[in-house]
1. Do we have residue 280 as open to solvent by 40 Å² or more (accessible area, probe 1.4 Å) and on the phi < 0 side of the Ramachandran plot here?
2. Do the conditions hold for residue 211, that is, is it open to solvent by less than 70 Å² (accessible area, probe 1.4 Å), within 21 Å of residue 91 (Cα to Cα) and not in a loop (DSSP other than H, G, I, E, B)?
3. Conditions: (1) within 16 Å of the ligand (Cβ to nearest atom); (2) more than 30 Å from residue 366 (Cα to Cα); (3) in contact with a Leu (Cβ under 8 Å, 6 or more places away or on another chain). Residue 176 meets all but one. Number of the miss?
4. Could you run through segment 181-190 and say how many residues are farther than 21 Å from residue 143 by Cα and buried (at least 23 other Cβ atoms within 10 Å of the Cβ)?
5. Confirm whether residue 131 is more than 10 Å from the ligand (Cβ to nearest atom) and of a type in the set (A, V, I, L, M).
6. When you look at residue 261, is it open to solvent by 20 Å² or more (accessible area, probe 1.4 Å) and either at pLDDT 95 or above or of a type in the set (Gly, Ala, Ser) (or both), yes or no?
7. Taking residue 201, is it polar (S, T, N, Q) and more than 16 Å from the ligand (Cβ to nearest atom)?
8. Looking at 53, 79, which one is over 19 Å from residue 234 (Cα atoms), within 21 Å of the chain's Cα centre (by Cα) and more than 16 Å from the ligand (Cβ to nearest atom)?
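The values are calculated or read from the model by the stated rules, or taken from the named source; none is laboratory data. Please read these numbers as outputs of a predicted model, since none were measured by experiment. Cβ sites come from the backbone with ideal geometry, for glycine too, and all protein chains shown count toward neighbours. Heavy atoms of the whole protein, side chains included, go into the accessibility calculation; ligands, DNA and RNA do not. Shrake-Rupley method; radii C 1.70, N 1.55, O 1.52, S 1.80 Å.
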Amino acid sequence: MSITAVPLIDLARTHAPLEAELKAAFERVLHANSYIMGPEVTRFEAACAEYLGVKHALGVSSGSDALLLALMVLEIGPGDEVICPSYTFFATAGAIWRLGAKPVFVDCDPLSYNLELSQVEAKITPQTKALIPVHLFGQTAPLGPLRELAQRHKLPLIEDAAQAIGAAWQGHNAGTVGEFGCFSFFPSKNLGGFGDGGLLTSQDDTLAEKARILRTHGSKPKYYHHYVGGNFRLDALQAALLQVKLPHTDSYAQKRQAKAARYTQLLNEAGRPEQMTLPAPVSADFKHVFNQYILRLQNSEQRDSLMAYLNEQKIGNAIYYPVPLHLQACFADLGYREGDLPVSELAAKTTLALPIFPEMTNEEQDYVIEALLCWGARQ
Ligand SMILES: *Cc1c(COP(=O)(O)O)cnc(C)c1O
């Protein structure tokens, strides 16, 4: 059968072989008569802690709420500054802003798109209360140097690992190095649930205990509140369904890595159009789990032209992200101008995500590659 379309991601194919197990998990919850937190969540948390090699793992309502909860545990609020990248999903900075604190944006590295390490230190002021590196597209930020820098300035490190479950830096898993790790189970993440969900990890008993209390409105015991928390709980159903998928996380990552390597190899062999830059080779320090495979074009006209062509060919694609956070309208009061973070601004104008998912076939990938070459030949 010849290929006529390739989706950006196809969850139905991921779930098909698990259908019986997923239904059994649903029925277990249906008959347990317990729908929020409870033993399903406790079991899933233990399985996540074991998988990641982390002391504490707390199921939470979303990746965004994991970030918010981490900042609440650290009592970050008005007058405080938190350093984070500009080239990331909105939630990273949104969590800071929601607590009345100020996001301080750092530019990204032009190859990995992760936070530019050399620019972090200059942004630290007496008001700085935390650092939030993001492990973008499935590759960790340089965790060792970041950890060292954070410790030197006595600043807590919150890893936004929403796109990077299973990724590692020098053998250290994403989400286990900082004071907190924040994961998302949004359906399109490498471990995606069937609705919203997230995980907060920590190696610190005191921080984890406070996070546990804040997760349910700051009450301990029930109905006695020493803190004001929120409803950041995970549903039993999500935990039960995610537990079916968790054991496959490494296999999904390996398949994504293989697809990424195949894109790069075949595009290079075929004489990749000169307008396209492929993801930088991954150094041996990193285990990259390729939540996304990101192409870069030379300018926004080329990017938009390629996007239109892929849409015509019914090939899934997406821009992550079209507006860097320092230029978002809601942050206008922070006073950033175009040109302040040029690497992030250029990335927002020139990058394009291609289809990548564990079950993508070679035939589908060949169809995408063929389309990229065709587009290149027309330029
Ligand atoms: C998806 C994502 C989040 C938010 O996760 P949700 O579960 O959708 O709330 C946070 N940060 C990054 C980098 C993400 O990609």
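1. Numbers: open to solvent by 40 Å² or more (accessible area, probe 1.4 Å): no; on the phi < 0 side of the Ramachandran plot: yes.
No.
2. yes
3. (1)
4. 1
5. Answer is yes for this residue.
6. Numbers: open to solvent by 20 Å² or more (accessible area, probe 1.4 Å): yes; either at pLDDT 95 or above or of a type in the set (Gly, Ala, Ser) (or both): yes.
Spelling it out, residue 261 is indeed open to solvent by 20 Å² or more (accessible area, probe 1.4 Å) and either at pLDDT 95 or above or of a type in the set (Gly, Ala, Ser) (or both).
7. Working: polar (S, T, N, Q): yes; more than 16 Å from the ligand (Cβ to nearest atom): no.
The answer is no for residue 201.
8. Numbers: 79 fails: within 21 Å of the chain's Cα centre (by Cα).
That would be 53, the only listed residue that is over 19 Å from residue 234 (Cα atoms), within 21 Å of the chain's Cα centre (by Cα) and more than 16 Å from the ligand (Cβ to nearest atom).
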